[in-house]
Structure formats: structure tokens, C-alpha cells
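Shown next, in C-alpha cells, is the structure this report addresses.
The values are calculated or read from the model by the stated rules, or taken from the named source; none is laboratory data. In this text the structure is predicted, and so the values were computed from the model without any measurement. When we count neighbours, we look across all protein chains shown, and the Cβ atoms used for this are built from the backbone with ideal geometry, even at glycine. Heavy atoms of the whole protein, side chains included, go into the accessibility calculation; ligands, DNA and RNA do not. Shrake-Rupley method; radii C 1.70, N 1.55, O 1.52, S 1.80 Å.
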Amino acid sequence: GINAEYGQLIEYQFPPKIYGELFDLELELNRLAAEDKSKEEDPELCGTWYLGMNLNPSDGHIMGYIGSWADDGEIGDEENALLEDYLNQTVWKMPAKYIAIARHHRGFLDAVKVFAFKDSDKSLSARFKDMDPGRDIVTVGGPIYGYTAPGIHNLADDPIFGVGGDLAFNWGYTDNGHRIVLTGGYLSPVGVNDDNTHGLGNHFAINPKTNIPSTPVWAHEISNIQDCPLATCKSVRVQGTDHGTGPHLKSGPVYGNYAIFVSDELKSFPTSGFLGMSVDGKCCS
């Protein structure tokens, strides 16, 4: 579902192949708007993307709303950085102008979206610690670059690639919290306890402003886009097995790992080769 106003869900019955065409159209419109706004800016510089986080929704570690999004803890190691949950605090604390979210399989790229932050002087650590009041739309202009590999599946309900709009961090409402969502998906109003927002880093029983859960059983790493309000739906589809024991959380297929990169220079993302701890970008003419 895609919403124009937060709290309103609109269902579109598109054939699966149409989602890719809509995604391409959105990217082209955003690219043209960005070009028109910055015709006099210098050409894009060469630079590097740095890996800050990787999420594997079926590695036995639940990266829900708490995890280490907003504390100073490291997760995992470089050897398995693109195979398991991983967080690099050095990168997490780097100020960044751009963020890329890449879906991949053991470093082989499925899809990627690049966004420009509204504030270019803040780190991911600072952004995720800013939980009160939270509900912060942190990027502007929608995705400024995107890529989907030919023939990939499971895009229509993907929490990053199945909806459009900008990134929002720390989306809290009543006793629920979600670390990363897109504004093109359904975003629960602040006082509505419908358990119907979905994204990366989720928890249905937590104080989203203090990061304190009332119970661990409703934590879940990655949930797909769906219309499953608490009052009428008891089957929330999540990717993989990294979720609590709450009876409404239902394990499902893993669409891939989700890697989060940041850069201070690059507005596009390399699509050839394999991902690594850093990814160098080429100059654009």
C-alpha cells in the first residue's frame, strides 16, 4: 500500500512488473528535479561508500528497535560483515550527506537506493539517538539514485524497494517503534496503536522515545509492506526467523541482507562487482 497522508492506506492492484516501472519513473522524476535545483553546482566528486550496518534477518540475532542503533555497541566483525548482523561504530559516528540502502546476497547486489540527508552534518548515531519526539523524515527529494538487478524477485512488498518516498527514522506511535521506514508506505499516526507500520528495526511493545521495551517478544528485524492492523489481523509477515515469540509474528522468506552505507561525496552507487566494507565510486562527467 502507498499513502499520500500518514495514517491513510491506499491499495494499488498493479501487476508485479509494474512496480519496477513505477520505481524507475520515480527515480527519473527525482533526478530531473535535483538537476534543475543544482545546475550550477560542481560536478560530482569521486568518493567512497562506507559500510555502517548489515542486517541479516535470519542469523539468530534480532536487530529490532533496540539492538545497537542508538547506543555505542559494535555488532559482529569485518570477516562476516556482509553475512550476519553487523554495525561499525566508526562509520556510524561519521557525519554523512548521503545514505545508500542495498539489498544483497553475500555481497552480490540485488537493489539499491540512494538518498540525500536534509542535514549533512549529522551521523547515523546522532540521528538514531534522536528518539524524542522521533518520527523524523531525514531525507529530501526521495531516492536520488536507484538500481534493481535484472530478474530479481520479491520487490512488491519489500520495505525499502516496494514503496517510494523519503526515509524516516525512529517512527514511534503509542508503544511501537520502527528504526527505518519510507514515507510512501503506511505510517501510523502518533496516537493510533494499530501495529501496522513496517520497515527495518521494529518492536511492537516498546517506549520508542526511551528505547525501553515492555517485553522482548514483539521485536522483529525486517517486516514486509502489508495491511495488517492489530484489531483485525493476527499474522504479521516478517522476513526470516529473527523475531520474538509474539504469536502474531510469522516467519517468511528472506529477500536478502540489507546493508547501510554512507558517503560524504557520492550520489550514485556502483552496481558491478561485490560489496565490501567500502565501495569506491567513479567520477561522473
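May I ask you to order 267-273, 198-204 by the average number of other C-beta atoms within 10 Å around their residues, highest value first?
Values: 267-273: 15.1, 198-204: 27.9.
In descending order of packing, they fall as 198-204, 267-273.
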Once H220, H153 are ranked on solvent-accessible area with the largest value leading and a 1.4 Å probe, the list reads H153, H220
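Sorting M131, M53, M277 by accessible area (1.4 Å probe), largest first, what list results?
Result of the area sort, largest leading: M277, M131, M53.
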In nm, to one decimal, how far is the modelled label at T210 from the one at C46, with both set 7 Å along Cα→Cβ? 5.2
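At a Förster distance of 30 Å, what's the computed FRET efficiency of D264 paired with F108, Cβ-Cβ distance as r, to 0.05?
Details: r = 26 Å, r/R0 = 0.87.
Here the calculated transfer efficiency is 0.70.
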Across the Cα atoms of region 120-191, what radius of gyration and what greatest pairwise Cα-Cα distance (Dmax) are found, in Å? 13.7, 41
Please calculate how many Å² of accessible area the chain carries per residue, with a 1.4 Å probe and no DNA, RNA or ligand atoms counted. 44
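Quick check on the chain: helices-only [θ] at 222 nm, where DSSP H runs of length 4 and up contribute -39,500 (n - 2.57) each and the sum goes over total residues. Nearest 500, please.
Values: 3 runs with 32 residues, N = 285.
That calculation yields -3500 deg cm²/dmol at 222 nm.
In the chain, what percent of the accessible surface is made up of carbon and sulfur (1.4 Å probe, ligands and nucleic acids excluded)? Numbers along the way, then the final one.
Values: 6730 of 12590 Å².
Carbon and sulfur: 53 percent of the exposed surface of the chain.
Would you list K118, K250 from the most to the least accessible area, probe 1.4 Å? Provide the component values of the computation, followed by the final result.
Details: K118 115, K250 85 Å².
Solvent-accessible surface, decreasing: K118, K250.
If you take the beta carbon distance between D280 and K129 as r and set R0 to 30 Å, what does 1/(1 + (r/R0)^6) give as a FRET efficiency, to the nearest 0.05?
Values: r = 29 Å, r/R0 = 0.98.
Using R0 = 30 Å, I get an efficiency of 0.55.
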On full extension of the chain, what length is gained from T271 through K93, given 0.36 nm per residue of separation minus the C-alpha to C-alpha distance? 61.5 nm
Over 21 Å between C-alpha atoms is what I'm after, so list which of K113/K250; K209/K234; K97/K129; K93/K129 land there. K113/K250; K209/K234
Residue separation between I137 and L230 times 0.36 nm, minus their alpha-carbon distance, gives in nm 31.0 nm
Probe 1.4 Å, all chains present, heavy atoms only: T245 accessible area in Å², nearest 10, is 120
